[in-house]
Amino acid sequence: MRCFADVRHGTMVRFPDSEWEQADMYTPWAIRTEGLTKVYVSHKQSHTAVRDLNLQIADGETVGFLGANGAGKTTTIKMLLHFIAPTRGRAWLYDVPCEEPRARQKVGYMPEQPYFPRYLTPRELLSAHAALAGVPAREARHRVEIALELARADTFAHRPLGKLSKGMTQRVALAQALVGDPQLLILDEPASGLDPVSRVEMRNVLQVLKEQGKTIFLSSHHLGEVELICDRVAIIHQGQLLAFGTPEELTQQTDRYVLVAENVTPDTERDLRSLCSNARRDGAQIVAVVDAAQVYEVVSLLRQANARLVRLVQQRETLEEAFLRIVQSAPVSTLVEKAA
């Protein structure tokens, strides 16, 4: 018996093994890779940037692609878009091989470091991109305005690109990815270089696109943002896929507990802080994160002081903690070899 996650309805569908291949035939994978590998060869040695990558991403999913610098994220994206050819393996976008131009008809791409002519305005830039995307002239103006509004770039669409801030330029880059009304968005570090306010704005835009049913495949260093918006997360390290699942599947319970208490007197609060330096007051409640070894002592202290224990729950890892655990426990891989 095998399980398939129906991400559109939030359920698990179970198939007998004999029916698995038939069910898989009708799954509308937005992105599918099999053994995708890229080896860069110099005159003395070869470097494997991506090794045997197998991914299956369903239509309508939002998937975060996580890894340190040099892990293989951008190389993977370039192979999906056929900017570079894989050394071996295959990739498909909506069941069309990536090497075929028609595979990119449903795709909008946002590069990590977009470069635009400084003298153009966002509206002029998007008009040119609409023409390149094959948008009929009678629809182009409407599409441009929709893309600018979706990316929240409409308020400065008349200003030269050379005078825009980093956050504004990133929103224009997202708008140009949207102007062709793609079903699949491939975003390479969309929040790169943004300040906290701009990151929240970008996340809100992506949330709207997700709610519209777009498929979003994004690489990012901002794990907190990924945890909030992504249905599943893929972790790549030294070119190899280490984990792929929901944030809940990738994170584990920790040996820490979140404690919430009420009716805590100042004296009891002082004693509690001596045990848990992170204890803080939140209105009428005291909130603290307690190590497992201290739980009994802390609860006893509160009971003796007639304080009310509101909640005591085991804390889960953050996605960042899970990422570090998974990467640090991975075996060392030798990806640099002597060239043949």
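The values are calculated or read from the model by the stated rules, or taken from the named source; none is laboratory data. Keep in mind that this is a model prediction, so the values were computed, not measured. Using ideal geometry, Cβ is built from the backbone for each residue, glycine included, and neighbour counts are taken over all protein chains shown.
Structural remarks
- Residue within region 104-118 that is touching a helix residue (DSSP H, G or I) at 6+ places or on another chain (Cβ under 7 Å) and either of a type in the set (Asp, Glu) or on the phi > 0 side of the Ramachandran plot (or both) present: yes
- Taken as a whole, the condition of being outside the structural domain of SER46 (by TED's automatic domain parsing), small (Gly, Ala, Ser) and surrounded by 15 or more Cβ atoms within 10 Å (Cβ to Cβ) applies to ALA261.
- Failed criterion for GLU211 (all others in (1) over 30 Å from LYS38 (Cα atoms); (2) touching a helix residue (DSSP H, G or I) at 6+ places or on another chain (Cβ under 8 Å); (3) assigned by TED's automatic domain parsing to the domain that holds ILE31 hold): (2)
- Total residues in region 248-270, condition of a type outside the set (A, V, I, L, M, F, W, C) and either closer than 30 Å to THR62 by Cβ or in contact with a helix residue (DSSP H, G or I) (Cβ under 6 Å, 6 or more places away or on another chain) (or both): 9
- Just so you know, in region 134-145 the residues that are small (Gly, Ala, Ser) and either buried (at least 18 other Cβ atoms within 10 Å of the Cβ) or assigned to a helix (DSSP H, G or I) (or both) include one that is farthest from the chain's Cα centre (by Cα), and it is ALA137.
- Odd one out for GLY245 among (1) touching a helix residue (DSSP H, G or I) at 6+ places or on another chain (Cβ under 6 Å); (2) over 26 Å from ARG159 (Cα atoms): (1)
- Pairs with Cβ under 9 Å, 6+ apart, first in region 39-58 and basic (Lys, Arg), second crowded, with 21+ Cβ neighbours inside 10 Å: ARG51/LEU36; ARG51/LYS38; ARG51/GLY72; ARG51/GLN238; ARG51/GLY239; ARG51/LEU241
- Residues that are assigned to a helix (DSSP H, G or I) and crowded, with 18+ Cβ neighbours inside 10 Å within region 76-110 comprise THR76, ILE77, LYS78, MET79, LEU80, ALA103, ARG104, listed in sequence order.
- Pick from region 28-75, criterion charged (D, E, K, R) and part of a loop (DSSP other than H, G, I, E, B), ranking: farthest from GLY213 (Cα to Cα): LYS44
- Count of residues meeting criterion [surrounded by fewer than 23 Cβ atoms within 10 Å (Cβ to Cβ) and of a type in the set (Asp, Glu)] in region 165-188: 1
- Screening the candidates PRO196, PRO136, PRO160 for the property of being without any contact (Cβ under 8 Å) to a residue 12 or more places away in the chain, not assigned by TED's automatic domain parsing to the domain that holds GLY60 and not hydrophobic (A, V, I, L, M, F, W, C) yields one hit, PRO136.
- Restricting region 282-296 to residues that are of a type outside the set (Gly, Ala, Ser) and surrounded by 11 or more Cβ atoms within 10 Å (Cβ to Cβ), the residue that is farthest from ASN306 (Cα to Cα): ASP291
- In region 111-133, residue surrounded by the fewest Cβ atoms within 10 Å (Cβ to Cβ) [restricted to those that are in a helix (DSSP H, G or I) and not aliphatic (A, V, I, L, M)]: GLU124
- Tally of residues being crowded, with 20+ Cβ neighbours inside 10 Å, under 30 Å from PRO86 (Cα atoms) and touching a strand residue (DSSP E or B) at 6+ places or on another chain (Cβ under 7 Å) across region 237-258: 4
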